[in-house]
Structures are given as C-alpha cells and as structure tokens.
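Data first, discussion second: the structure below is written as structure tokens.
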Amino acid sequence: MNFNLAPNESSTLTMEKPKAERSTWSEFLVESSIRVVGFSTIGFVVLIFLFLLREGLPIFYEVSPGNIFGTRWYPTFDIFGSLPLILGSAYVTVASILIALPLGVCTAVFVREVAPQWTREILKPLIEVLAGIPSVVLGFFGMHVIAPLVRTNLDAPTGLTAFTGALLLAYMSLPTIISVAEDALDAVPKSYRDAALAMGATKWQTIWRIVVPAARSGIATAVMLGMGRAIGETMAVMMVTGNAARMPLSFNSLFMPVRTMTATIAAEMGEVASGSVHYHALFGIGIMLFILTFFINLVAAKAIFKKRYRGGLR
Amino acid sequence: MNRSHVQKIGFVFLTLCAIAVVAPILVVIGIVFIEGVRVMSWEFISAVPHEGMKEGGIFPAIVGTLLLTLGTAICAIPVGVGGSVYLAEYAKDNWMTRAIRLAIVNLAGIPSIVYGLFGLGMFVLFMHMGTSIIAGVLTLAIMTLPVIISTSEEALRSVPTEFRTVSASLGGTRWQGIRNIVLPQALPGIITGIILGLLRAAGETAPILFTVAAFYLPRLPQSPFDQVMALPYHLYVISTQVPGMPLSVQYGTALVLLILVLSMNFVATIIRSYFRRRRQW
C-alpha cells in the first residue's frame, strides 16, 4: 500500500499541489489512520465470517448431513433437521415480497411521477419513520392488533401465522424497496419521457410502457435488497409467526404457524450451553444465513455498481 | 373507456397504494400512543420495576438504552466518519476500493441476529468480556458502521470539487482541505447519517439478546462490564416471556421506545432540511 505523503492519485488536487510539502507528522498520522479505518470494513466482514465458522463448523461433522438437512427440528432429541427452518424463512420472505413488490413499486411511481410536491414532502418523511420503527415494536403491535384480526377474519385457531409475519415483513421491507425503486425511476433520462409524450402517449402510458421498463434493473435491485431485509428480520417475525417448526409445503401453510431461521436462533440461543451440539447447530444456521444474505447482496451490489459506472443511463 | 379515463383510474389506484403504505404507519403510532399514554407518569419513567416487573417503572431500561446508544456513538463515529473520508477523498478506483464497497454493502445486509451470534462468539466468549455493556456496544457499533459510512460518504461527495481545488491552490495540503473546508461543509449530512445509524442501534433487539441484555436488573450498571436492561429487549420480554403482564405497561414501554426513536428521526430530518435550504451551492 502506498502510504506516501504526496499520493499521486488522479485527482485535480495533485496537479495544483505546490512543490514544497508542508505536511507534518500529525498529518501523516491522520491520513494513515483514515486509510486503516477505510480498510477495516473488510476486516469486520472477514472477522464475522471467521467467528461464525469457528463456532458453527463443528456441527457439520458432529452430526450427519442427513440429520442436518432433514425435515424435523427437535434439538432436545439431537434431531437438527434445518429444512423446515430454511423453508419457513423462504416461505415468509416470498410471501412478503409478493405483498411488498406491487405496493412498493406503485408507491415509488406515485411519489416520483405523479404526486404533487406537497404530497411528496409528507410521504417521504413518513416512509422514513416506518424505516425507523424498531422491529420489536412492530412485532408487539402485530401480536396484539394484527394477529387477533387475522384469527377472527380467517376463522383460524391462531392469528400467529406465516401470513401475519409476511404482512409485517412486507411493511418492514417497503422503505428499502421504495427508496431504491425511486432512485431507479429517477435515473431514467428525461428525454425518454419527453419522447413518449411527444408521440402522443398519455402520462400513464409513458409511465408503464417507457419509464418503469427502463428502470426494471433498478427495481430488481430493490426487490433483492428488500428480500435480504426480510430474510434477516428477527424479532417481529419471532413474535408473530407462532414458531412451529414444520414444513410449509402448501398454500394452506400460509395460515398456519411457521418458524424461521432467525427466530430459531433468537429463541433458543439463550438456553443452550456454549460448546454443545445444539449451540453449534444454531451457529450453523447463522453460517447459512450469512452466506444467503452475502449472495443476495452480492447480486444487488453488482447492479448498484453497474448503475454508477453507466451514469444511470440504461 | 378512452385513454384519459384509464389514466384517471390509474392515478387513483396509485394514490390508494401510497395511502395503503402510509396509513398503517399512522395507525401503529396512533394506537401505541393512545394505549401507552394511559400508563405514562413520572413514576413510570423514573422508577425501578418491582413485583415481577408488573409494577413500578422502566427507568433502568431507559438508562440502559441511552448508555448503549452513547457507547455505540463513541465507538462507531470515528471509524464510520474516517471510513467515509477514505472512500470519498482518498480511495482510488481499483479492486481494493471495490472490495471495501462490497464489504460495506454486505455489512449492511447481514441479519441483526447474525451480529448477535458474532458478538457472542467474539466479544462475550473469545475475548472474555462476558455479557456486558462493552460487548453489546462493540456489536452494535459494527452493525451501525455501514449506515454511517454510506450516508457520510454521500454528504462528502456532494461538496463540489471546486472547494478542494481552491483550497489546494491556496497552498493547503490535502488533509487541510478536508479538515477545514470539506468536512465542515458536509457536517450536517454526516450528523444526519450518524443519527440514522444510532437510531437503528437504539431500537435493535437481536444483537443485544446474547451480548448485554439483562432480563431483570433493578439497579443501574456500575461499570462497562455490567449487564444492563434495554428498552427493546424489555418490551420483548414483558410481551412474550412474562405471563399476566398488564397490557398497559407493555404499551407504555413500546411508547417510550417509539418516542425515543421518533424524536431522533425528527432531529435528523430537521437538520437535513434546514441545512439543505441554507446551502449556498
């Protein structure tokens, strides 16, 4: 690494820099520590992964693969089938995206293309407030207000179902989806809209046949990031999904309790002895979650970087 | 039905979507406020819980959350702002910088419960900090970093290049330019980013489950190696783990947490809009 005092980066600064360097030791120190801090983020990701591996890897040789990827999760009997948990997470996440995607994209289109200025100025801070509400408060609200509504309206034995969780998750991922989708719509050049309008298209036709298709890769990124948010959400999901570890395989499972990977870790880690097989199994689930979100974010990041390089023109 | 009718109906539909997104937010805040305000009293926010947490107040939990937020600020701000200065002012466009950006995107995407596992594995067990404020603070600080870095970087990048070139043309070194010109100009944006990051830390439960949170601890912490109660965890505990908990106490706790978080959010919004209007470039 180049810790030189006069780094010859390709910025305009170097060109106008006077020959006589007046940097001091303290300046060198500050600049070096800024560099170290800049690189530290990579270190944190590596550290997190290493510690997950350290505590979680043993489960993959303590227990047979057939057991780990089995269909039953009964840790007290040393049965660690993680499939119901993985499917539970996937089920709730997909259901939440099915709710959040249309709602989020329509709201983003409304905010960006249709709404008058004053409406925008009310909507945007409110959506930010939603992003700030702690998940435990939403979970609490879900338990006491939404779950009873779900139970009475669907005539189900309990209101703590996959559907209740998906509904909460949809709202929790909406701020992410809306803001990323908005950026994507914003990046569509004005000339596209002008051309469509000049051809005699209505505003509505312009939006749905020109602007939204042009922004589709950004909208896909929005969905990916929303999914990442939904898979990783813990507290709200744990409080409203009922936490029954069974395989959600049919449409009806939507209105039955499920259990997600995150909820399992949160609910059981407090009661296990560190170093036990169960402890390793919970860290093993953590490894799976880490890898899953890593790849989701990798795909989303690719799209974000691409946008930056092309200057928003697609 | 002609095109303009389609457009009218379409716009009404979009408006309804936006209402469907926003209305529940107001309903949640409204219900928590109406139900929670009943139990609100000086005693509720200043007294220690007793009678199995059913009576008394939530003072230790409030102090705990404030302490955790403060500690997170102390740990995360230097690293976060330093990282953003590096990315905005020093980093070259090479594979290393791309790796850092990728790391930040991934830190932002790691589930909060995985941060909890990491904190347990590294700080609590490996570094022998035990379940303590310091272990929780470090976990929360790493979780907050990506928010602070990405918002601060955006604020630094929005300062026009001319400001830097003028500083350099007057003989200032790169660091002098950053310190005296760029950072002060970007400060409102950086502060907004810091508040948004801390707000997330204040409301999170999953990362503190195994690293700090005490189920019931009716006294204030004496050292950074003590456990502490925290509002989000307390709300989780009294709403799911304690049978027969009066609903009003639960709503009251939720309200205090909500007020704390929303007021931080409000301050961030005010700072941003105030300085955006005052900005001269």
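The numbers here are math on the coordinates, done by the rules we state, and not lab data. Source: prediction; values computed, not measured. Cβ atoms come from the backbone with ideal geometry, glycine included; neighbour counts cover every protein chain shown.
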Check every DSSP H run in chain B and write down those whose alpha carbon atoms cover 18 angstrom or more along the long axis and whose mean Kyte-Doolittle hydropathy is 0.5 or greater. B:3-36, B:59-85, B:95-109, B:133-157, B:183-203, B:247-278
Peptide B:259-269: average number of partner chain Cβ atoms within 10 Å per residue? 2
Put +1 on the Cβ of every Lys and Arg and -1 on every Asp and Glu Cβ in the protein assembly as shown; which of B:198, B:139, A:185 then has its Cα farthest towards the positive end of the dipole? A:185
Which of the three applies to chain B, rounded, prolate or oblate, going by the alpha-carbon gyration tensor with a ≥ b ≥ c and a/c under 1.5 meaning rounded? oblate
The simple spin-label model distance between residue A:50 and residue B:2, using points 7 Å out along Cα→Cβ, in nm, is 7.1 nm
How high is the relative contact order of segment A:151-244, given as a whole-number percent (alpha carbon pairs under 8 Å, six or more residues apart)? 49 percent
Residue A:247 neighbourhood, Cβ < 12 Å, K/R = +1, D/E = -1, net charge +3
What percent does the relative contact order of segment B:85-217 come to when contacts are Cα pairs within less than 8 Å and at least six residues apart? 37 percent
By the gyration tensor of its Cα atoms, with a ≥ b ≥ c the square roots of the eigenvalues, what is the shape of chain A: rounded for a/c under 1.5, prolate for a/b over b/c, or oblate? oblate
Would you mind computing the Rg to Rh ratio of the protein assembly as shown from its alpha-carbon coordinates, Kirkwood style for Rh? 0.98
Debye, to nearest 20: dipole size of segment B:59-278, +1 on Lys, Arg Cβ, -1 on Asp, Glu Cβ: 540 debye
Tell me the mean residue ellipticity at 222 nm calculated for the protein assembly as shown from its helices only (DSSP H runs of n ≥ 4, each -39500 (n - 2.57), averaged over every residue, nearest 500). -22000 deg cm²/dmol
Could you tell me the calculated FRET efficiency between residue B:38 and residue A:295, based on Cβ-Cβ distance and R0 = 51 angstrom, to the nearest 0.05? 0.60
Shielding of A:192-202 by partner chains, average beta-carbon count, 10 Å: 1
Using r as the Cβ-Cβ distance of residue A:145 and residue B:263, and R0 as 22 Å, what FRET efficiency do you calculate, to the nearest 0.05? 0.40
Spacing of the two label points (7 Å from each Cα toward its C-beta) at residue A:199 and residue B:70, in nm: 6.2 nm
Describe numerically, in nm with one decimal, the distance between label points set 7 Å from Cα along Cα→Cβ at residue B:278 and at residue A:250. 6.4 nm
Computed about the Cα centre, the charge dipole of the protein assembly as shown from +1 Lys/Arg and -1 Asp/Glu charges at the Cβ has a magnitude in debye, to the nearest 20, of 2060 debye
Amide N of segment B:82-109 lying under 19 Å from the label point, which is placed 7 angstrom from the Cα of residue A:26 along Cα→Cβ: B:82
Under a 5 Å amide H to amide H cut-off, with H placed in plane at 1.01 Å, what residues pair with residue A:80 once short-range neighbours are removed? A:74
FRET E, pair residue A:61, residue B:222, Förster distance 35 Å, beta-carbon r, rounded to 0.05: 0.25
Take every residue in peptide B:92-102, count the Cβ atoms of other chains within 10 Å of its Cβ, and give the average of those counts. 4
For the peptides B:135-146, B:154-165, what is the packing order when you average, over each peptide's residues, the other Cβ atoms within 10 Å and list the highest mean first? B:135-146, B:154-165
